[in-house]
Amino acid sequence: MFRRKLAALDYHNPSGFNCKDDTEFRNFVVWLEDQKIRHYKIEDRGNLRNIHSSEWPKFFEKYLQDVKCPFKAQDRQETVDWLLGLAVRFEYGDNVEKYRNCKPDTDVSNQGKPSDPLINLDCNSPDFKAGVLALANLLQIQRHDDYLVMLKAIRILIQERLTPDAIAKASQKKEGLPVSLDKHILGFDTGDATLNEAAKILRLLHIEELRDLQTRINEAIVAVQAIIADPKTDYRLGKVGR
């Protein structure tokens, strides 16, 4: 599952890599740090290089924290995929001119044919899960057992909150309209005209806050309905439903 990224990084055995083998996995982490990521200085890599140490898992967990990896050491497949992605990004940054003129492979027979990106999407793939979890952590979206549901929540958040139009709208300053306090009835008398006006202002502000709260509640209801109302599709069976 990591073959393409390993091949892109010139790993010596991209097709036979087994991350479940502790020795091979530890050697891989050392190679990745030494050759591609290079987060630590050379003299600070001793703990990672000591792959036979019983404390190596502790040092690896510290390494993940230092490189800001969103996964834990026990999530080995997700961790490997994330580290490979980081290494590919650094590799590209070090060789921009080399990769700038590369052209993607295209299949002439499929040109012009619309395709649904979800048809060939494997929701149980560790690569897919790692990507969705990384986005969910970045956007502070609550985790869900169904990764496709999380992906849809991410899409809704990006569409509604992170598009250029949404950001520009949120950045606009709201100008209030002039209000005549004489037209609003307080309902009680404090005995002081100044206090009465202050109480009217506080009541109007409170009503505005309640309206804003109701708007947010409505938006949340719509967002939840958009997620749960869509029936689960099993493309392998060619039908919609459980």
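The values are calculated or read from the model by the stated rules, or taken from the named source; none is laboratory data. None of these values were measured; they are calculated from a predicted model. Because the Cβ atoms are built from the backbone with ideal geometry, glycine has one as well, and the counts that use them run over all protein chains shown. Note: accessible area is taken over every heavy atom of the protein model, side chains too, but ligands, DNA and RNA are not part of it. Shrake-Rupley method; radii C 1.70, N 1.55, O 1.52, S 1.80 Å.
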**OP:** Count, please, the residues in the range 36-88 that happen to be touching a His at 6+ places or on another chain (Cβ under 9 Å) and among the acidic types (D, E).
**Re:** 1
**OP:** Please identify the pairs in which a residue from the range 20-34 that is within 16 Å of K62 (Cα to Cα) has its Cβ atom under 6 Å from the Cβ atom of a residue that is modelled with pLDDT of 90 or more and open to solvent by 10 Å² or more (accessible area, probe 1.4 Å), counting only partners at least 6 apart or on another chain.
**Re:** R26/I51; V30/R49
Subject >> In the range 146-203, residue modelled with the highest pLDDT [restricted to those that are more than 30 Å from V224 (Cβ to Cβ) and touching an Asp or Glu at 6+ places or on another chain (Cβ under 8 Å)] >> reply: N196
Subject >> C69 vs. criteria open to solvent by less than 50 Å² (accessible area, probe 1.4 Å), modelled with pLDDT under 90, within 27 Å of R155 (Cα to Cα) and not basic (K, R) >> reply: no
**OP:** Take the residues in the range 6-31 that are open to solvent by 40 Å² or more (accessible area, probe 1.4 Å) and among the hydroxyl-bearing types (S, T, Y), then tell me which one is modelled with the highest pLDDT.
**Re:** T23
**OP:** Report, by residue number, each residue of the range 194-218 that is of a type in the set (K, R) and under 28 Å from the mean Cα position of the chain (by Cα).
**Re:** R216
**OP:** Take the residues in the range 184-225 that are charged (D, E, K, R) and in contact with a Leu (Cβ under 6 Å, 6 or more places away or on another chain), then tell me which one is surrounded by the fewest Cβ atoms within 10 Å (Cβ to Cβ).
**Re:** E197
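Let's see how each residue does on (1) more than 16 Å from L9 (Cβ to Cβ); (2) open to solvent by 70 Å² or more (accessible area, probe 1.4 Å); (3) modelled with pLDDT under 70; (4) out of contact with any Lys or Arg (no Cβ under 8 Å at 6 or more places or on another chain):
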{"position": "E55", "(1), (2), (3), (4)": "yes, yes, no, yes"}
{"position": "L64", "(1), (2), (3), (4)": "yes, no, no, no"}
{"position": "Q77", "(1), (2), (3), (4)": "yes, no, no, yes"}
{"position": "R89", "(1), (2), (3), (4)": "no, yes, no, yes"}
{"position": "Y99", "(1), (2), (3), (4)": "no, no, yes, yes"}
{"position": "Q111", "(1), (2), (3), (4)": "yes, yes, yes, yes"}
{"position": "L121", "(1), (2), (3), (4)": "yes, no, yes, yes"}
{"position": "F128", "(1), (2), (3), (4)": "yes, no, no, yes"}
**OP:** List the number of the failed condition for D34; all other conditions in (1) within 23 Å of P126 (Cβ to Cβ); (2) open to solvent by less than 60 Å² (accessible area, probe 1.4 Å); (3) of a type in the set (D, E) hold.
**Re:** (1)
Original post:
Looking at (1) modelled with pLDDT under 75; (2) touching a helix residue (DSSP H, G or I) at 6+ places or on another chain (Cβ under 7 Å); (3) among the acidic types (D, E), which is the one condition that is false for D116?
Top reply: (2)
**OP:** Evaluate the following for D105: is it on the phi > 0 side of the Ramachandran plot, assigned to a loop (DSSP other than H, G, I, E, B) and either modelled with pLDDT under 90 or touching a Cys at 6+ places or on another chain (Cβ under 8 Å) (or both)?
**Re:** no
